[in-house]
Every structure is written in structure tokens, then in C-alpha cells.
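See below for the structure under consideration.
The values are calculated or read from the model by the stated rules, or taken from the named source; none is laboratory data. None of these values were measured; they are calculated from a predicted model. Here Cβ is always computed from backbone atoms with ideal geometry, including for glycine, and neighbour counts include all displayed protein chains. Ligands, DNA and RNA are stripped out before the accessible areas are found, and what is left, the full protein with its side chains, is counted by its heavy atoms. Shrake-Rupley method; radii C 1.70, N 1.55, O 1.52, S 1.80 Å.
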Amino acid sequence: MGRKVSPAFLFLFLSVFLFASFSLYFSSCNPIYASTEISFPSVNLTAISKIPEYSSSSSSSLAIKEDVNYLTRHVASIQDSLGVKSVSVLLPDWEVLLIVSPESTPPMTASISGNDFLCLYPNNETSPARFSGVLPSTNQTTFKCGLPKRNRRRLPFLSPVLIRSGEEFLVSSPPPEPMMRWTRLAYESFTTEKDVVLFVKGLNHRQGINLSPKELTCVFIDETSNNAVRTAVTSSIQEVFRCERPDFTSFGYGEEGNGLNKRIKVSLEIRHQGGSSFMMPSVAYYIPWRKLEIERPKALLCACTMVFDVAKFLREWVMYHSKIGVEKFVLYDNDSDDDLMKVIKELNQEGYNIETFFWIWPKTQEAGFSHASLYAKDSCTWMMYLDVDEFVFAPSWVTSLQPSPDDPMLRSLLPKTQWWSDPRQNNIGQVSIRCNEFGPSNQMTHPLEGVTQGYTCRRKEDNRHKSIVLLEAIEHSLLNAIHHFKLKEGYRTKPVSLEVAVVNHYKYQAWSEFKVKFRRRVSAYVVDWTKGLNPLSKDRAPGLGFEAVEPAGWEHKFCEVQDDRLKLLAQRWFEKQTMAGSKMAWQT
């Protein structure tokens, strides 16, 4: 006769069986969280690190928690055998930006080579981490790596760990946090004498459609104590938000944030109807305003542009515009990966005045130009906003031999009173110059003698314009439409006729060059060529589809008028004879 099984024993057995079954199921579905300490066998075991906890709370509270948690992260020295904890941002095209704390000592840039680091993801996948640069406002080192394809299918997108190649790494629970998304992020700030300017992606999506400042508050958070100071927002335009200056006496130090070594994160809080609020994730920090110790004389005319991998074009652009009156060049480097810095160093050694600002943020040309209007205000009076494929030309210069520094050239386009008096005595705050668009001109590759020499056939009708702006005259909101700004009340824009001056825009170059431009448009508000939207927009190349596929007969397109005026002028100014024949001054 069999032994009778008691109900208590049966209940205990079933409970253990169900617990074991569920544990086995979840560990198979979620191998990342299967144990409290997970080894990654693809690298050497030498270090252990913890990744901050991820909260599954509501979207509103998650954003605030995400903001505060990232504040308290400690970043290890690069000389330690530890993975470097860093803030991760998922950029377009499955690119991951990692921002390392500036407290890393010695500086990470001191011993970085191309293969020094990897991004290690929670599912054991790795991808090479490329050193990008150091954010000038906060001294934070940045890296970029690709998000592996398998990780793109799993939500949320979890942050990688930055490790040195050859290291082995252990991650202990709690699990990693999700990456911040570039589509909603406070990414940069600039402190002026009167206020704080915050740059935020994801709130004002189109020109002319902006949140009211009354719906917003600027929040300054002490990362040590998590105390916060809130100030009013005075302007909300595009990606630029202006905030009243904070009073930091509640943090235990001076009103301006001076005196103690504390980091103050800054973000925007959006107030919804009904009383709820949402704080934007942020990687931006408050930098106290500091008056220049020594007042420097301002350049009358500077030129600003945003650049990416333009090393082979830059010498020609700088040498030409310096000849016609540009005294200083301010380049916003959008994470170039070519020999740009080498070329800039050589040009500076040759006597040209070139300053660079590392601006890693994608599709933020308007915001970058707004930033430049503040950043360069102490060193430049007028700023010409131009791209490196654009050259200003005046028909009256055709007979010019070798212009001297005393020749007016570009200065002749500015208000004449500017030459000897206070610019505020003249109400012209902006000079607008129309553009002629040049085509491939039968070129199959980049012309070694330069774009002014290789591209000589253009469209008949002019399109768009570029501007020279009096920085003092720019309106408080810093609103701009690519290359011209809204002006303060009392200032006006002076249009220039094609007979007086024109911008030669070498827009449609040889296909090998143009397809790079197709894939990388830096304006936040200009139509993206890769998307099937607004096919009749003037920003589109006529006859070009939505993929980087060379149209038939590309080298002959956009050729309606033969125009070699600038080619001949540049030859007169810059051509030199060598043992190998004639050569332009910018050819190396």
C-alpha cells in the first residue's frame, strides 16, 4: 500500500517546481540579467565596475531620475584598469556618443590611439570606440562607436561601457541604464554677462513653431547635493533657450557659481496643463561668466562656418577670403575625421588667424551659428556666415592685380561709417549677398587646382543668399535661418545686387564629392535629401532622388551659363610657376 502524500508537502513541491521553471525561463530570455555578476569572456578579466540602476518609472519621473543619476556618476582614471563609466547618447545612424567626465586624470587625450578603446554592450558585443575630441565648454572627452545590429532590435537601448582594448570586464547588478536619445536632449550651454543660453534638441521642431517661454523653466542642479535652482525662460526659438541667471547662494557659494569645485548641470523643465512636469535629459553644464582679463582689439571682419572633413578644401577657402579682407576665421568642427587640424595648424603657422570650436552635435547648424554669435562677440565686430564651398566675388575686382591690405574689397560692402566710427551710429546690421550655384562642369573627381578653377559652369537663376552680420545687432532670441539673422529693432538688412557682389556657391560638385554632402546635411530645418518629403524644395538637387545614386549625366548637369570670372581672378592672384609647371598657391 503506497504512502499518502500530505497536502503541505505537495504544495511545497509544486512551489519549488514553479519557481525553478520561471527562473529558467527568464534567464534564457534575458541572459544579461541572469546573474548578479556577469563575465564577458571576449576580453581579459582584470576589473569590476557597477553600472547605475535603471528605473522603470513613468516617463516624467524617469527623465528627472535620469538627469540626477547621471550627475553622480564617477569616471575612473584612464590609467586605472577600470571601465570608464560615461554618459551615452544614441545619435542618428546608430552611432553612440560617449561623454566622459572631465575629472579623469591625467587627461584621457594624452595617450589615446585609434585602437585604444572599445564599447562593451551588455550582451557581450563590442564595437571600436573612436576618440572624437574634447568638449571645449566642459573639458569632457568624447568617443563614438557603432551600435551593433543585434542591439538595435532590443528595447530599451542600453548604455555601453567604455573599456581599453585587451581588458576583461565584469559588470555587477543592477543592470545598465538606457541611453539618452539625441532627439530629446539639452546638449550645450553658454553664459553671457546677463543670462544663460541653453541649447536643447527636441522641443521646437520647426521654424515658427515654438513653445512659449511661460511653459518652460531652466533648472540648475548641483550634482553633489542634487539641490536645484530654477529660473525663468525669456526666449524660446528653434533649439535656443535663454534663461535668467541663477542665484547660487543657496548652494553655499557665490552668486555666480564661483569659489567651489562643483559641477552644475542645467536643463529645461516643461510644465504641462494640470500641473505635471517633465525635465529634459541633459549633458549640458553651467559655466560661470568671466570677464576678459585683458580687452583685446576686435577684428573688423571675421568668417564663420561649420565644417566636416574639409581638409582638402580649406586652404583655398581661407587664402582667398583672407586676400579680400577676412581677418579671422572661426570654424565649428562637426567631428571631422580627416587631416583638418593638421591643415589648420599649418595655416596658422603661415600667419592666418584660424580658431576652432569643437561642436560634435549633428544637424545643429542654426544652433551652432547662434552659439558663434555669442562666442565670437568679444573678438569680431562683423561676422560673415559662409560655407567652405562658397566664395564671395565682386565683378569690380576683375581688373584687380594684387590687392593690398589697404584695399577695401569686402569692407566696401559694409556701412562706410563703420570704418572710422561706432557701428551703432549706422542702422545697417546685416548685408545680404545673393548666390550663384555652380554645377559639376564636366569634373569627374575633385579638381586638384581647387574648386574656383575646376567648376566654371552654373545655373542661370540665383538661389538663396548669405550674410555679413553685425554681431551687436543680432536680436535677443538669436533666431537665424541658416545664414542670416533676425535683427534688433532699429537695425535693417542691406541687400546687395548681383552687379555689386555675389557668392559663387560650388554646390553641385563632382559626384564623388557631392554624395558625401548628400549623406550629411548639417541644418536642422533644411529638408533631408534622403527622405521623400517636399520634392519641390529649393534645397533639393533637381532630378536627384532620395538615395545617393549618381543620376545619368551628372557631370553635365546645372550648366546653363559659363562663368570663369573668379577662375581668372584667382589665377592672377594665386598662380605661381614651379619646375613642374603652374600651380595654385593652395596646392600642396
## Note on the structure
As straight-line cross-link partners of residue 466, the qualifying aspartates and glutamates (C-alpha separation under 12 Å, not fewer than 8 residues apart within one chain) are 387, 390
### Placed amide H near residue 285: partners under 5 Å, 5+ positions off or other chain
189, 266
#### Entry: Sequence of 459, 206, 153, 271 when ordered by accessible area, the most exposed leading, probe 1.4 angstrom
153, 206, 271, 459
### Task
Name the residues whose placed amide hydrogens come within less than 5 Å of the amide hydrogen of residue 129, ignoring near sequence neighbours (fewer than 5 apart) on the same chain.
117, 118, 119
### For region 216-230, 3J(HN,Hα) per residue [Karplus equation, 6.51 cos²θ - 1.76 cosθ + 1.60, θ = phi - 60°, Hz, x = Gly/Pro]
10, 9, 7, 10, 10, 10, 6, 5, 7, 9, 6, 5, 10, 10, 10
### Ordering of 489-501, 132-144 by packing [mean C-beta count within 10 Å, highest first]
132-144, 489-501
### Query
Which of the lysines could a cross-linker span from residue 265 if the Cα-Cα distance has to be under 29 Å and same-chain partners fewer than 8 positions apart are dropped?
50, 65, 85, 144, 194, 201, 214, 291, 363, 377
### Query
List the GluC sites (Glu not before Pro) in region 344-443 that DSSP assigns to loop (not H, G, I, E or B) and whose Cβ has at most 15 other Cβ atoms within 10 Å. Which are they?
350
### Note, ³J(HN,Hα) from phi for region 462-473, Karplus 6.51, -1.76, 1.60, rounded to Hz, x at Gly and Pro
6, 8, 6, 7, 10, 9, 10, 10, 6, 4, 5, 8
### Whole-Hz ³J(HN,Hα) from phi, Karplus 6.51 cos²θ - 1.76 cosθ + 1.60, for region 310-325, glycine and proline x
10, 4, 6, 9, 5, 4, 4, 5, 5, 5, 5, 6, 5, 4, 9, x
### Task
Heads up, I need the accessible area for residue 444: 1.4 angstrom probe, whole protein in place, Å², nearest 10.
120 Å²
### Message
List the residues, sorted by chain then number, that are 5 or more residues from residue 86 or on another chain and whose placed amide H is less than 5 Å from its amide H.
### Response
162
